[in-house]
Amino acid sequence: MITVITRLNTNLVAPLCFRGKAIQLPFPLPFSKLNLSSLSTNSATKTVSPNNFAFKKEQRVMSLFKRCSTMKDLKQIHAHIILTGLYQNLYVIGKIIVFCAVSEHGNMDYAVLVFDKIENPDGFLWNTMIRGFVKTNQPEKAFEFYKRMQEKGEVADNFTFSFLLKFCGQLGTVMLGKTDTL
């Protein structure tokens, strides 16, 4: 058992420190309507097992994504993820990348910044990045990520090929349309 004392000032997310070290973020900190105070226990002392504590911390952070609707919200959640030490948790970071790649309000440049900080991305994250580039009409980057995926030893699956072939089909339709009008 571990005794955990938590105190989180949620009105200000900066300056960021994690385990006594300052953390440099690849983006400016936004402030938004998200209320992170529900995640703190206001100096409460609890006794929990390490696995139970980690699971509860992850669940609290994941609950924030339900109210995330803008990049400003997402960046604030990302800052909180870094503060809580979940920045290498693929499930949590995957939610950021999915928002950036699939959401109407996403941003693939931000997805790349987040993705490049992941030590060992899994197939789902690679596929999500490829899907995002296909969705945003960036074929060079989609195929670049596919090549990077192979170089890292990640095996492409049906989803990978589905996203790439969908884009090739769209490209073929465009090219066919151009040749018919000439």
Taking placed amide H atoms and a strict 5 Å upper bound, the residues 5 or more places from residue 86 or on another chain that come that close are none
Diffing the stretch 108-115: the Karplus 3J(HN,Hα) column from phi (6.51, -1.76, 1.60, θ = phi - 60°), in whole Hz with x for Gly and Pro, holds 5, 4, 5, 4, 5, 4, 5, 4
Each residue of the stretch 59-64 in turn: what ³J(HN,Hα) in whole Hz from Karplus with 6.51, -1.76, 1.60 and θ = phi - 60°, glycine and Pro shown as x? 5, 4, 5, 4, 5, 5
Place the peptides 149-161, 80-92 in order of packing, highest mean first, counting for every residue the other Cβ atoms within 10 Å and averaging per peptide. 80-92, 149-161
Using θ = phi - 60° and Karplus 6.51 cos²θ - 1.76 cosθ + 1.60, couplings along the stretch 158-169 (whole Hz; Gly, Pro as x): 4, 5, 4, 5, 4, 5, 5, 5, 4, 5, 4, x
Quote the relative contact order of the stretch 91-179 in percent (integer), defining contacts as alpha-carbon pairs under 8 Å separated by 6+ residues. 23
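Computed from the coordinates by the stated procedures, all read-outs in this text should not be read as laboratory data. Bear in mind that the values here come from a model prediction, so they are computed numbers and not experimental data. FYI the Cβ positions are ideal-geometry reconstructions off the backbone, even for glycines, and counts take in every protein chain you see.
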